[in-house]
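The values are calculated or read from the model by the stated rules, or taken from the named source; none is laboratory data. Everything numeric in this text was worked out from a predicted model, so none of it was measured. Cβ sites come from the backbone with ideal geometry, for glycine too, and all protein chains shown count toward neighbours.
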Amino acid sequence: MFKNSGGFFSYHEWETVEPFIRTNRGLQITLPLRPVEPGVFVAALNCPKPSGSDGFVGIYLQAMSSLDRRREGGSDRRYARIRSDDIVAINNISDRGNTTNIVVCNSGAIPPQLMIYPDHIVQLRHGPDPGLGWTIYGTMGIVSKDYLIFKSKDWIPRGLDHAFWLSKKPRCLAAVIVFSRPDESKLTILLGSGNSVEDVGIEIVNGSDDQTFGEWARRFHPQARDRSNPWEFAHERVYVNTDWQVFHSRKYHVVDITVQLNHSLDDGETNMDETRQIASIVPEVQAARENGSSRLRRLIKRLNPGL
């Protein structure tokens with residue numbers, strides 16, 4: 001049981017322990033179990049706490065709903081190992097909890113939402129309609145060279161990063177995405193971890209400050225939004241939606257960014273005309289950025305005659 005267990009060793013004849021059984025559903029074993037969060041438990045193992053010769057080691061388990069439990073009259077419960085990099089030190093025998101017969105499931109039996117993935121990556125997938133004038137201006141973050149292949153990444157200019165490491169700690173910034181229009185308007189989208197490892201945290205800033213990644217990280221305050229609850233700005237609504245896929249034991253949170261005109265404005269027709277004008281010269285602006293700043297300045301003056 002303690003093979004390849006590093007510096008951990010078992011107590012010798014500490015107490016009578018029921019034998020564990022390997023089944024087709026997982027490891028059936030009897031362990032002291034103590035609830036610590038809703039649906040989350042600490043199971044005490046029969047060995048001393050880390051870097052000591054007393055107490056007990058605890059590991060985190062999450063309870064799983066099970067049809068087997070109903071069929072078998074509640075004789076056992078299924079659990080999945082979580083937070084495998086976190087070992088709990090239990091000081092007293094009385095803190096171990098009630099002895100319980102459980103089944104720790106094989107990884108193949110664990111539902112996807114309970115699987116443990118060592119790496120989480122946030123990746124851009126779909127971008128705004130270029131006909132509205134918004135194009136990606138720049139990105140920065142903790143870059144990942146591991147990413148899924150999407151044909152739709154063509155909206156991202158070559159050389160700009162589009163996949164970033166996502167921290168498992170809550171509310172940590174992973175990426176800064178800046179969009180711009182030919183009239184030099186900018187929109188900044190901040191992506192990072194949410195309140196849990198399963199969430200992507202999002203914040204949108206109207207404009208773009210000249211800040212370092214560390215400065216953006218300190219001001220990052222993610223908000224929960226979805227397709228029915230966009231960010232509202234003067235002329236547009238911005239939607240940021242996420243989905244996830246698993247590939248090679250990595251969890252990829254893929255991000256789709258949509259911009260729609262705010263048709264509720266009184267001057268909607270004027271705004272539409274402005275948008276058409278901006279969209280008509282987007283290809284010219286992109287070429288000007290590559291060929292030199294003087295042509296870019298002339299294009300901006302076309303949009304802002306008073307400059």
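Taking Glu198, is it closer than 18 Å to Leu166 by Cα, assigned by TED's automatic domain parsing to the domain that holds Tyr137 and at pLDDT below 80? Answer is yes for this residue.
Of everything in the stretch 1-55 that's of a type in the set (D, E, K, R) and within 17 Å of Ser94 (Cβ to Cβ), which residue is modelled with the highest pLDDT? Filtering first and then ranking leaves Arg34.
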